[in-house]
Amino acid sequence: MFKVTKVDHIGIAVKDLEQAKKFYTEVLGMEVQGEEVVEQQKVKVCFIPSGDSEVELLESTSPDGPIAKFIEKNGEGIQHIALRVDNIEAALADLKAKGVRLIDETPRYGAGGASIAFVHPKATGGILLELSERK
């Protein structure tokens with residue numbers, strides 16, 4: 001069994017990370033706390049904490065990356081919602097046993113050192129849901 005402990009972050013697809021960061025920092029007065037490139041996902045990300053959750057801005061590093069494809073299809077905006085779980089392996093096993101459609105059946109590396117896995121939007125009413133475990 002597993003437990004969802006909180007909303008970990010909201011992932012927002014952007015065309016230009018530097019430009020997008022300005023709104024959150026200069027207009028809203030928030031602070032960026034961490035930026036990295038995740039080669040496996042062809043994305044550059046930055047985290048902007050808000051309380052015990054974060055806004056994650058995502059810019060594609062490749063025209064064929066998932067964020068570039070998302071923006072091409074939907075425009076910039078919320079790409080996913082991430083829920084923090086206490087045990088990602090147990091969460092995936094439990095969801096699979098319940099017949100929930102998964103994109104990832106095993107965890108993979110996510111930004112900030114998290115173990116992540118995605119639940120298919122067809123299982124969640126159209127929301128790309130990320131499960132995230134941070135140790």
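All conditions in (1) within 17 Å of Val14 (Cα to Cα); (2) under 15 Å from the mean Cα position of the chain (by Cα) hold for Lys73, with the sole exception of (2).
Is it true that Gln40 is surrounded by fewer than 17 Cβ atoms within 10 Å (Cβ to Cβ) and outside any loop (DSSP other than H, G, I, E, B)? Yes, satisfied. The single condition among (1) in contact with a His (Cβ under 8 Å, 6 or more places away or on another chain); (2) touching a residue at least 24 places away in the same chain (Cβ under 8 Å) that Gln41 does not satisfy is (1).
Thr25 meets the conditions (1) within 26 Å of Gly126 (Cβ to Cβ); (2) more than 14 Å from the chain's Cα centre (by Cα); (3) in a helix (DSSP H, G or I) in every case but one. The failed one is (1). Could you tell me how many of the residues in region 79-135 are open to solvent by 40 Å² or more (accessible area, probe 1.4 Å), more than 15 Å from Gly11 (Cα to Cα) and of a type in the set (D, E, K, R)? Final tally of qualifying residues: 10.
The residues in region 49-78 that are of a type in the set (A, V, I, L, M) and open to solvent by 30 Å² or more (accessible area, probe 1.4 Å) can be counted, and the count is 1. Taken together, the residues in region 28-47 that are of a type in the set (Val, Ile, Thr) and either over 13 Å from the mean Cα position of the chain (by Cα) or at pLDDT below 95 (or both) amount to 3.
Could you tell me which of the residues Ile127, Ile71, Ile81, Ile67 is aliphatic (A, V, I, L, M) and assigned to a loop (DSSP other than H, G, I, E, B)? Testing whether each residue is aliphatic (A, V, I, L, M) and assigned to a loop (DSSP other than H, G, I, E, B) leaves just Ile127. For region 1-36, the set of residues classified as of a type in the set (A, V, I, L, M, F, W, C), in contact (Cβ under 8 Å) with a residue 24 or more places away in the chain and loosely packed, with under 13 Cβ neighbours inside 10 Å consists of Met1, Val4, listed by residue number.
Residues are listed down the side, and each one gets a yes or a no for (1) over 18 Å from Val119 (Cα atoms); (2) under 13 Å from the mean Cα position of the chain (by Cα):
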site: Val4; (1), (2): no, no
site: Ile12; (1), (2): no, yes
site: Ser53; (1), (2): yes, yes
site: Ala93; (1), (2): no, no
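The values are calculated or read from the model by the stated rules, or taken from the named source; none is laboratory data. From a predicted model like this one, the values you see are computed outputs, not experimental measurements. Note that each Cβ is placed from the backbone with ideal geometry, even for glycine, and that neighbours are counted across all protein chains shown. Only protein heavy atoms, including side chains, enter the accessible area calculation; ligands, DNA and RNA are left aside. Shrake-Rupley method; radii C 1.70, N 1.55, O 1.52, S 1.80 Å.
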